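Derivation of every value follows stated rules applied to the coordinates shown; laboratory data play no part. Predicted, not measured: the structure shown is a model, and the values here were computed from it. As a convention, Cβ positions derive from the backbone with ideal geometry for all residues, glycine included, and neighbour counts pool all protein chains shown.
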Amino acid sequence: MQAPTETGQPRTGTCRVCAGPVVQFLDLGRQPLSDHFIEPGEIGTEFTYDLLVGQCSACTMVQLLEEVPRERMFADAYPYRSSGSAVMREHFERTARDLLDGPLRGTDPFVVEIGCNDGVMLGTVRAAGVRHLGFEPSGQVARLAGDRGITVRNAFFEAATAAETRAQHGPADVVYAANTMCHIPYVESILKGVDALLAPDGVFVFEDPYLGDIVDKTSFDQIYDEHFFLFSAGSVRAMARHFGFDLVDVQRLPVHGGEVRYTLARAGVREPSAAVGELLAEEDARRLTDLTTLRRFAANVTRIRDDLTGLLRRLRAEGRRVVAYGATAKSATVTNFCGIGPDLVEFVCDSTPAKQHRLTPGRHIPVRPPAAFAEPYPDYALLFAWNHAEEIMRNEQAFRQAGGAWILYVPEVRVV
Ligand code: SAM
Ligand code: TMP
Ligand code: ZN
């Protein structure tokens with residue numbers, strides 16, 4: 001097994017929001033594309049990049065220092081299916097209802113979603129008969145959304161495509177994005193596009209993993225090629241102001257290990273809610289974006305890596321069987337940073353057909369359908385999809401009843 005691969009001297013960069021200086025505080029080593037599940041014949045040909053995390057000294061935005069080209073990540077075969085979790089299906093149905101009862105309740109409203117994936121949110125909007133358009137560059141998932149009757153454009157949302165949408169469909173009351181804004185380094189183009197598209201009193205609503213939760217839980221696996229930014233209320237407010245918007249609302253969400261839903265409006269149009277001031281004050285009080293806090297987080301990451309690899313090596317030495325559950329994009333960071341391959345974890349089960357019978361990126365652990373889990377049950381299951389713990393443990397109760405135990409590494413390495 002290879003040693004973990006820190007890449008050398010800390011680097012500096014230029015902020016993708018404000019062009020300020022970005023100071024590195026964490027090195028997660030050389031990494032493959034997190035969602036590129038490969039055939040055995042592709043071993044040796046994988047694209048890799050340095051997963052380095054830094055912070056802008058000017059606007060506080062936490063971001064990657066190296067950018068992976070978007071066409072490599074969001075290609076035709078992009079395997080992530082948003083509808084793969086019952087909890088997330090419910091979450092997005094509720095989200096759609098809140099938008100329909102709120103900013104979309106006027107006459108002939110129009111909503112544009114950036115990164116609609118398989119249509120998990122827009123399905124409800126469509127059923128309500130409301131005008132909508134989903135932007136989705138990844139071909140296979142875009143086709144799934146189209147098959148559900150959702151209006152989809154198989155393209156990247158950016159300034160040019162947004163302007164075309166405005167010319168063709170008129171202004172949007174809502175632009176919405178879930179788990180997509182943080183994937184996009186070219187924020188200037190996005191916010192110019194939102195500016196071109198949004199009605200004068202329209203809102204731009206987006207939700208992404210929250211830096212506060214990532215630091216609290218040491219969930220370093222929220223950091224990978226696709227997660228270019230780790231947002232906080234402070235950094236999103238700075239980004240909004242930089243491009244002529246105000247941050248007018250924030251809402252903490254329990255999904256995906258802790259997220260925040262941000263609402264932006266054109267500068268001066270809406271009064272920020274009390275929740276914005278409260279979250280900003282909380283971030284200040286806990287010094288969330290101080291470099292000392294981020295460096296402490298980085299030290300905790302190293303500790304978790306050592307605890308996890310120590311546990312897995314001990315279990316192997318004792319002759320125990322360990323498999324993993326959930327071939328998440330997040331787990332590419334864990335396996336490649338910690339050096340976890342098929343010698344420590346026999347296989348990973350995952351319900352996504354496009355991932356099954358392939359190998360995980362970089363460390364090449366076989367991916368099998370969930371049915372393989374019980375044939376027979378292993379002694380331990382490493383839960384890579386820890387953000388879906390409740391749902392998975394509920395569906396797999398028989399594993400524990402058969403004497404199995406789960407291994408978690410967020411917020412600490414522990415066996416439950
Ligand atoms: N919104 C869904 C959810 O929350 O489950 C999908 C999230 S998925 C992690 C991110 C999606 O954004 C991918 O389907 C990807 O193809 C898409 N995407 C990436 N860049 C985009 C862009 N510039 N415009 C529109 N979609 C984009
Ligand atoms: P995510 O954390 O990025 O949403 O990815 C979750 C992964 O876990 C995805 O590949 C689907 C998989 N999964 C299962 O295999 N079984 C399940 O019950 C759930 C909820 C997810
Ligand atoms: Zn900046």
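Per-structure values
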| item | result |
| --- | --- |
| Total residues in segment 384-404, condition surrounded by fewer than 13 Cβ atoms within 10 Å (Cβ to Cβ) and within 18 Å of residue 369 (Cα to Cα) | 3 |
| Candidates 280, 253, filtered to the one that is more than 27 Å from residue 197 (Cα to Cα) and surrounded by fewer than 24 Cβ atoms within 10 Å (Cβ to Cβ) | 280 |
| Residue among 308, 294, 288 that is closer than 24 Å to residue 256 by Cα, in contact with a Gly (Cβ under 8 Å, 6 or more places away or on another chain) and surrounded by 14 or more Cβ atoms within 10 Å (Cβ to Cβ) | 288 |
| Condition met for residue 208 (within 16 Å of ligand 2 (Cβ to nearest atom), in a helix (DSSP H, G or I), touching a Ser or Thr at 6+ places or on another chain (Cβ under 9 Å) and not β-branched (Val, Ile, Thr)) | no |
| Inter-residue pairs, beta-carbon under 8 Å, first within 20 Å of residue 202 (Cα to Cα) and in segment 267-289, second among the hydrophobic types (A, V, I, L, M, F, W, C) and part of a helix (DSSP H, G or I), 6+ apart | 276/233 |
| Cβ-Cβ under 9 Å pairs, at least 6 apart or on other chains, segment 173-196 side free of Cβ contacts under 8 Å to residues at least 40 places away in the same chain, far side assigned to a helix (DSSP H, G or I) and among the charged types (D, E, K, R) | 193/166; 196/166 |
| From the options 67, 46, 71, residue that is more than 30 Å from residue 297 (Cα to Cα) and not small (Gly, Ala, Ser) | 71 |
| Matching option when the condition is over 22 Å from the mean Cα position of the chain (by Cα) and charged (D, E, K, R), among 396, 390 | 396 |
| Close pairs (8 angstrom Cβ cut-off, 6 or more residues apart or separate chains): near ligand 3 (Cβ under 10 Å from one of its atoms) in segment 49-72, of a type in the set (Lys, Arg) anywhere | 61/16; 63/16 |
| Segment 296-310 residues that are of a type outside the set (S, T, N, Q), paired with ones that are part of a helix (DSSP H, G or I) (beta carbon under 7 Å, 6 or more apart) | 297/215; 301/220; 305/337; 305/338; 308/338 |
| Any hit, segment 318-332, residues being more than 16 Å from ligand 2 (Cβ to nearest atom), in a helix (DSSP H, G or I), of a type in the set (A, V, I, L, M) and over 24 Å from residue 33 (Cα atoms) | no |
| Residues satisfying the stated conditions in segment 332-354, i.e. of a type outside the set (Asp, Glu), within 16 Å of ligand 1 (Cβ to nearest atom), over 16 Å from residue 307 (Cα atoms) and crowded, with 24+ Cβ neighbours inside 10 Å | 332 |
| Residues located in segment 220-261, provided they are away from ligand 1 (no atom under 16 Å from the Cβ), in a loop (DSSP other than H, G, I, E, B) and under 30 Å from residue 305 (Cα atoms) | 232 |
| Close pairs (7 angstrom Cβ cut-off, 6 or more residues apart or separate chains): at negative phi in segment 312-334, among the acidic types (Asp, Glu) and within 12 Å of ligand 2 (Cβ to nearest atom) anywhere | 327/350; 329/35; 329/226; 330/221; 331/221; 333/221; 334/221 |
| Boolean, residue 267 is of a type outside the set (S, T, N, Q) and crowded, with 17+ Cβ neighbours inside 10 Å | no |
| Selected residue [of a type outside the set (Gly, Ala, Ser) and not in a helix (DSSP H, G or I)] from 301, 269 | 269 |
| Segment 66-90, subset among the aliphatic types (A, V, I, L, M) and crowded, with 20+ Cβ neighbours inside 10 Å, residue nearest to residue 157 (Cα to Cα) | 73 |
| Selection count where residues are within 16 Å of ligand 2 (Cβ to nearest atom) and among the hydrophobic types (A, V, I, L, M, F, W, C), scope segment 22-67 | 3 |
| Residue 200 vs. criteria assigned to a loop (DSSP other than H, G, I, E, B), touching a residue at least 24 places away in the same chain (Cβ under 8 Å) and either surrounded by fewer than 23 Cβ atoms within 10 Å (Cβ to Cβ) or within 16 Å of ligand 3 (Cβ to nearest atom) (or both) | no |
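Yes or no, residue by residue, for (1) surrounded by 18 or more Cβ atoms within 10 Å (Cβ to Cβ); (2) among the hydroxyl-bearing types (Ser, Thr, Tyr); (3) within 16 Å of ligand 3 (Cβ to nearest atom); (4) within 16 Å of the chain's Cα centre (by Cα):
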residue: 92; (1), (2), (3), (4): yes, no, no, yes
residue: 97; (1), (2), (3), (4): no, no, no, no
residue: 112; (1), (2), (3), (4): yes, no, no, no
residue: 119; (1), (2), (3), (4): yes, no, no, no
residue: 124; (1), (2), (3), (4): yes, yes, no, no
residue: 128; (1), (2), (3), (4): no, no, no, no
residue: 133; (1), (2), (3), (4): yes, no, no, no
residue: 138; (1), (2), (3), (4): yes, yes, no, yes
residue: 142; (1), (2), (3), (4): yes, no, no, no
